[in-house]
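Enquirer: Please find one structure pasted underneath; my questions will follow.
Values quoted throughout were computed directly from the atomic coordinates according to the rules given, and no laboratory measurement underlies them. These numbers were taken from a predicted model, which means no experiment stands behind them. Using ideal geometry, Cβ is built from the backbone for each residue, glycine included, and neighbour counts are taken over all protein chains shown.
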Amino acid sequence: MKVELTVNGKDITADVEDRTLLVHFLRDVADLTATNIGCETTSCGACTVLLDGESVKSCTVLAAQADGRSVTTLEGLASDAGEMHPVQKAFHEEHGLQCGYCTPGMVMAIVSLLRENPSPTEEQVRAGLEGNICRCTGYHNIVKAALSAASGVNP
Amino acid sequence: MIPPAFTYRRASSADEAIALAAEYGDDAKYLAGGHSLLPLMKLRFAAPSVLIDLGRLPELSYIRDERTYVAIGALTRHHDVQHSPVLAAQIPLLAHTAGRVGDPQIRHRGTIGGSVAHGDAASDLPAALLALDATFVARGPSGTRSVQAAGFFKGIFETDLEPGELLTEIQVPKPAVPAAWSFQKFTKRAIDWAIVGVAVQGHAIALINMGTTPLRATAAEAALASGASIADAAALAAEGTSAGSDIHATKAFREHLARVLVKRALEEAGARS
């Protein structure tokens, strides 16, 4: 089927199989490979992107379901001038990653979380990241990054 | 993992969805948020040849205060149930339970009607709706009918919905004492399905994952009604259940959890009201 998605502000039209998952559309059709494929079972959150501004796991959304809608991936966060998004900056400042595999999904989940709740408590950040698994950091610096992005410490 | 090949059809109205289901018959499945169906398809537990996407039917996404009950459109997302001011005030058990489903990403996609129609005994919302004595409204080629939650869940992933029928609305009576609620969910990881869960509203007790369907703890409810203490009633929580054993827990451990969680839930509901 023919689908037309707005990805990071750019319209992308393609003919895809009906069963194409959004994550495969992003990686293989749109050629945006920041979004990682982790568990493929809606558990790990590595494939988290924004669909019409809200976090979703792109391994469990069909490209067809996103037809006509707007998707934001990690590549779409920085400004046109190349300046990092506050959440990206906060990950850098707080050392919010080790191997980096979960990072694109973590960043997108936090961007969505802060849109819904711009001043979360630590407990709310931890609850808001229940859908994202990290096997390196123990989460502490990821949570610190979310809180520092929220407080504008790294604007 | 990708699902087996299928034909995607998008419905632009509830009537069109029902007509498409009639056209394709048993080969078709309705697709709401897809967060139960698509994972099953990836695992080849389900392989419908047609998916009828309900994702563009705003007419079935609403929460309306109808004085004696709250009407919830079947396509209302968990996120919207969780954050509904109407439900927070009138039926806090339901708002809270919706916020315990999966994780934020899942709640941005999953719908209350999808969860009910999927009929998984391990799901949170069917048990909460059973404790709340909800009514489910289904529309099919021959009209609309209502089914009580108590008679809706029939077996493993089996509900009272007829082939081609579309669940359109969930009607939840307002509890006499909204604050008399509790939701207990025992999991190993935050986003897991409940190994055992309990939803309590007043003296109604529903159990998650203690059989092939969500269940009412009828023996414990009867004991409470005849004046038993919370501890004595909770001791009967596993009576009449048929929990299974799996990699997460044995049947005996699930029965133990049911007794412990029902006790906690009744105490919490009592303390809140």
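Enquirer: Pulled fully out, how much extra length does the chain show between A:Glu122 and A:Gln98, if you take 0.36 nm times their separation in residues and subtract their Cα-Cα distance?
Expert: Full extension from A:Glu122 to A:Gln98 adds 6.6 nm.
Enquirer: Please list, by residue number, every one of the chymotrypsin sites (Phe, Trp or Tyr not before Pro) in region B:24-71 that is coil in DSSP and has at most 10 other beta-carbon atoms within 10 Å.
Expert: B:Phe45
Enquirer: Still on this structure, please answer the following. To the nearest 0.05, how large is the calculated FRET efficiency for B:Ala71 and B:Val177 if R₀ is 22 Å and r is the Cβ-Cβ distance?
Expert: 0.55
Enquirer: Based on the alpha-carbon gyration tensor of the protein assembly as shown and its eigenvalue square roots a ≥ b ≥ c, which shape applies: rounded if a/c is under 1.5, prolate if not and a/b is larger than b/c, or oblate?
Expert: Oblate, because a/c is 1.5 or more while a/b does not exceed b/c.
Enquirer: Among B:Lys174, B:Lys188, B:Lys251, which one moves the most in a GNM of chain B with springs linking Cα atoms closer than 10 Å?
Expert: Per the Cα network of chain B with a 10 Å cutoff, B:Lys188 tops the list.
Enquirer: Can you give the net charge of the other residues whose Cβ lies under 12 Å from the Cβ of B:Ala122, counting K and R as +1 and D and E as -1?
Expert: Here the charged neighbours net out to -2.
Enquirer: Also: Add +1 for every Lys or Arg and -1 for every Asp or Glu among the other residues with Cβ under 14 Å from the Cβ of B:Arg64, and state the total.
Expert: -3
Enquirer: On a full-extension model of 0.36 nm per residue, what is the gain between B:Ser242 and B:Gln148, subtracting their alpha-carbon distance, rounded to one decimal in nm?
Expert: So the chain would gain 31.6 nm between B:Ser242 and B:Gln148.
Enquirer: Can you give the relative contact order of chain A as a percent, counting alpha carbon pairs under 8 Å and 6+ residues apart?
Expert: 24
Enquirer: May I ask for the distance between the Cα centers of region B:63-96 and region A:83-109, given as a whole number of Å?
Expert: 35
Enquirer: Kindly state, to the nearest 0.05, the FRET efficiency for B:Ala88 paired with A:Arg115, given R0 = 25 Å and r defined as their beta-carbon distance.
Expert: In this case the efficiency is close to 0.75.
Enquirer: By how many nm would the segment from A:Ala78 to A:Lys2 grow when fully extended, if each residue of separation counts as 0.36 nm and the alpha-carbon distance is taken off?
Expert: Net length gain for the segment: 24.5 nm.
Enquirer: Let me know the shape class of chain B, please: from the alpha-carbon gyration tensor, a ≥ b ≥ c as square roots of the eigenvalues, rounded when a/c is under 1.5, otherwise prolate if a/b is greater than b/c, or oblate.
Expert: prolate
Enquirer: Now for a different question. For chain B, set up a Gaussian network in which alpha carbons nearer than 10 Å are linked by springs, and say which option among B:Leu93, B:Leu57, B:Leu130 fluctuates the most.
Expert: It is B:Leu57.
Enquirer: FRET efficiency for B:Lys251 and B:Thr218, Cβ-Cβ distance as r, R0 = 22 Å, nearest 0.05?
Expert: Given R0 = 22 Å and the Cβ-Cβ separation, E is 0.70.
Enquirer: If you don't mind, there's one more thing I want to ask. Provide the per-residue ³J(HN,Hα) series for region B:6-23, in order, calculated from phi with Karplus coefficients 6.51, -1.76, 1.60 and θ = phi - 60°, each as a whole number of Hz, with x at glycine and proline positions.
Expert: 8, 9, 9, 10, 9, 7, 9, 7, 4, 4, 5, 4, 5, 5, 5, 4, 5, 5
Enquirer: How would you classify region B:134-273 from its alpha-carbon gyration tensor, with a ≥ b ≥ c the square roots of the eigenvalues: rounded for a/c under 1.5, else prolate if a/b is greater than b/c, otherwise oblate?
Expert: Oblate, because a/c is 1.5 or more while a/b does not exceed b/c.
Enquirer: Going 7 Å from the Cα of B:Ala46 toward and past its Cβ, which residues in region A:64-100 have a backbone nitrogen under 20 Å from where you end up?
Expert: Counting only backbone N, you get A:64-67.
Enquirer: First select every other residue whose beta carbon is under 12 angstrom from the beta carbon of B:Ala235; then total the charges, Lys and Arg +1, Asp and Glu -1.
Expert: Result for the local shell: -1.
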